[in-house]
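Comments concern the structure below.
The values are calculated or read from the model by the stated rules, or taken from the named source; none is laboratory data. The model shown is predicted, which means the values in this text are computed figures rather than measured ones. Cβ atoms come from the backbone with ideal geometry, glycine included; neighbour counts cover every protein chain shown.
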Amino acid sequence: MIKIFRQLGWFIKEMKWRYLLVLLMLLIGDVFSLIVPWITGYTIDQMTMRTLTGSKLTQITIVLVSIIVIGYITTGIWNYIFIQNANILSFKVLKKFFRHIIRMDGKFFKKYQTGDLMSRATEDVNAVSEAVDFGFLMLAEASLYLTLLISSMFVINPKISIIVLIPILIIPFGVDKLEKTIEKLYEERQQSTSVLSNSVLESIVGVRVIRAYAKEREDIEKLLSKSQVTYDKSIAFSKIISLYEPLFIGVFTIAATLAIYFGIMDVFKSNMTTGKLVTYFVYVMMLEWPVFALGAFINTLQRGSGSYERIDAVYNEESDIIIPENPLSLEKIESIEFDNYSFSYPGSQVKSLNSFSIAVKTGETLGIVGTTGSGKTTIIRQLLRQYKLGEGKILINNCGISEYNAENIREHIAYVPQEHIVFSKTVYENIRLGNMNASREDIMAAIEHADFTKDIGTLTNGLETVTGESGVMLSGGQKQRLSLARAFVRAGNVLILDDSLSAVDGKTEENIIRNIAEYYPEMIKIIVAHRLSAVRDANYIIVLQEGTIVEKGTHEELMELRGWYYDQFMEQNTMTTQESEEVE
Ligand SMILES: Nc1ncnc2c1ncn2[C@@H]1O[C@H](COP(=O)(O)OP(=O)(O)OP(=O)(O)O)[C@@H](O)[C@H]1O
């Protein structure tokens, strides 16, 4: 339980003045609320002694009204500060969370799936902020109120107060017994929630494929079984949590019974006035709230602590991409070289790149072709520093790639990935993401170079058309050209197309390749393709098989070799000729 204070110590320290103000407000509110029973007892004694005058009654009424007003103001202030604190903490935790995951590498995203990260960023962050809001409030309220109440009770009757305190001492033992079980059950519940979130996300994203393959029933059953696990875990957690309430209520009832019994005995023995007994009774009744608050706070803080651990686990994940202490500054990428480079993905024994060597410099085009799964995308991922480095060297401007900051390298690269990421924004905003400083003219030119202009006219609102979630409003070819236009506005030194022309027809591909050569002559171009026409004019073409370069040269040289490239080219050409004959 103390763990949460260690975990959130940094926040409490940052917000110490706010917390002190809250404590002051609570103290004022609590002291004033204790005066009410005291005044009640005093008034009863005045009445029984027949000394209560009209002016005394007016004074008493004024004091009581003032107490209500002060209580209202102090409660308003601490409430406001607590809610604000919770919001500030959520914001800070989320900011750190996103900053951290955005820097993570491929290994991290293999370990933490999207649904899991979403559940940590929502449910767990809420539980932590609830701990700061409701949990800390309960703690402050319970400890302050209990101290004040018990002290006031001691002032009235120390003997009975000692007897009342005895059952309250039972609480820490009960809490200690329950704590470990609660911690375990909470972690299990959160874990199953993460698994469920992930499945729900997968089903929503893949709903079209599920329908197309008539897998609705199987998918619903899969989701139901995961929901059942989460339900069972939640019930087990709630059961143990519900043990808290009887513990605290039981303690309170014992304390109240003892107070009533011994209090009446003392009045019979004339050790206490009736008014004092009434005040004492009210104080005992008032014990119920802080005793309950103590239970609620332990419960909330424990959940907050468990959730903080789940968030902290993400914070503690370190990227394999080491940031150099004194990175070299990269103004422009002029050359890229892989020298005898080998790489295996984390946890894999297979070499996805094997003794791979190639060099390309400003103005040149490198074409990468080969069988599927031969390592083409892996080369790009290594250049973009998405995974740890392998053996051998990758040189940028003749210096080791690890001597630069990964972000600095990426700044100069305009990259069109295989999977097109389109955000639910307008077409214009989607393209502008490539370069937020790009002018409208730059964007229009990029659209033209991506051969996308003719499509804009067919969209409902032209450039202002909202693409819908993941670009549902666009065809596959349109998404590809939108991604291309985004890369063209980037104004980097390196253009990487990872099979980015696969969804466009031959004519459009030809236009785009011609535009790249004409408008971006200074860039280093790396084109990964299955259709060989996309790399035909490249300065170097490499053919990959199982991570190894098996053929290398210009189009003409490779055709002379009569190897894989030649066979593939002939096959693709025959298919294209047949297709055009069929059209005719
Ligand atoms: N994250 C990963 N973890 C482990 N192995 C991976 C990972 N990504 C790719 N691989 C493996 O590395 C090899 C090369 O994959 P890569 O994506 O580079 O192939 P590719 O040539 O681009 O294929 P395609 O033409 O189908 O896009 C494949 O055997 C693949 O299964």
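For (1) among the polar types (S, T, N, Q); (2) within 22 Å of GLU141 (Cβ to Cβ); (3) touching an Asp or Glu at 6+ places or on another chain (Cβ under 9 Å); (4) outside the structural domain of VAL155 (by TED's automatic domain parsing), each residue gets a yes or a no:
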| residue | (1), (2), (3), (4) |
| --- | --- |
| ILE12 | no, yes, no, no |
| LEU20 | no, yes, no, no |
| LEU23 | no, yes, no, no |
| TRP38 | no, yes, no, no |
| GLY41 | no, no, no, no |
| THR48 | yes, no, no, no |
- Item | Pair list, Cβ < 8 Å and 6+ apart or interchain, from region 139-156 residues that are within 14 Å of VAL22 (Cα to Cα) to residues that are β-branched (Val, Ile, Thr) | ALA140/VAL22; ALA142/VAL291
- Item | Qualifying helices (runs of 4 or more DSSP H) (wholly inside region 200-287; at least 2 residues being modelled with pLDDT of 85 or more and basic (Lys, Arg)) | 216-241
- Message: It is to be established whether one or more residues within region 310-327 are in contact with a helix residue (DSSP H, G or I) (Cβ under 6 Å, 6 or more places away or on another chain) and under 30 Å from ILE168 (Cα atoms).
- Response: no
- Filtering region 500-511 down to residues that are among the β-branched types (Val, Ile, Thr) and either within 38 Å of the chain's Cα centre (by Cα) or within 14 Å of the ligand (Cβ to nearest atom) (or both) yields VAL504
- Message: So in region 311-347, with the set limited to residues that are outside any loop (DSSP other than H, G, I, E, B) and of a type in the set (Ser, Thr, Tyr), which one is farthest from TYR112 (Cα to Cα)?
- Response: SER335
- Could you check region 466-571 for helices (runs of 4 or more DSSP H) lying wholly inside it with 1 or more residues that are free of Cβ contacts under 8 Å to residues at least 60 places away in the same chain, within 27 Å of ARG385 (Cα to Cα) and of a type outside the set (A, V, I, L, M, F, W, C)? 476-488
- Item | Members of region 176-223 that are over 22 Å from ILE241 (Cβ atoms) and among the hydrophobic types (A, V, I, L, M, F, W, C) | VAL200, LEU201, ILE204, VAL205, VAL207, VAL209, ILE210, ALA212, ALA214, ILE220, LEU223
- Query: Say we look at region 394-424 and pick out the residues that are free of Cβ contacts under 8 Å to residues at least 60 places away in the same chain and closer than 21 Å to ALA438 by Cα; which of these is farthest from the ligand (Cβ to nearest atom)?
  - Reply: SER424
- Query: In region 325-363, how many residues are surrounded by 14 or more Cβ atoms within 10 Å (Cβ to Cβ), over 16 Å from GLY547 (Cα atoms) and within 16 Å of the ligand (Cβ to nearest atom)?
  - Reply: 0
- What number of residues in region 368-393 are more than 10 Å from the ligand (Cβ to nearest atom) and surrounded by fewer than 21 Cβ atoms within 10 Å (Cβ to Cβ)? 7
- Task: Please identify the pairs in which a residue from region 89-104 that is under 20 Å from GLN386 (Cα atoms) has its Cβ atom under 6 Å from the Cβ atom of a residue that is part of a helix (DSSP H, G or I), counting only partners at least 6 apart or on another chain.
- Result: PHE97/ALA121; HIS100/TYR315
- Assess whether ARG481 counts as being at pLDDT below 90, under 24 Å from LEU383 (Cα atoms) and away from the ligand (no atom under 16 Å from the Cβ). yes
- Task: Six or more apart or on different chains, Cβ under 7 Å: which pairs go from a residue in region 362-383 that's under 11 Å from VAL494 (Cα atoms) and of a type in the set (D, E, K, R) to one that's part of a strand (DSSP E or B) and more than 7 Å from the ligand (Cβ to nearest atom)? Could you list them?
- Result: GLU364/ILE524
- Note on the structure: Those residues of region 514-570 which are within 13 Å of the ligand (Cβ to nearest atom) and basic (Lys, Arg) amount to ARG531
- Please indicate, with yes or no, whether at least one residue in region 105-125 is in contact with a Pro (Cβ under 6 Å, 6 or more places away or on another chain) and farther than 20 Å from GLN191 by Cβ. yes
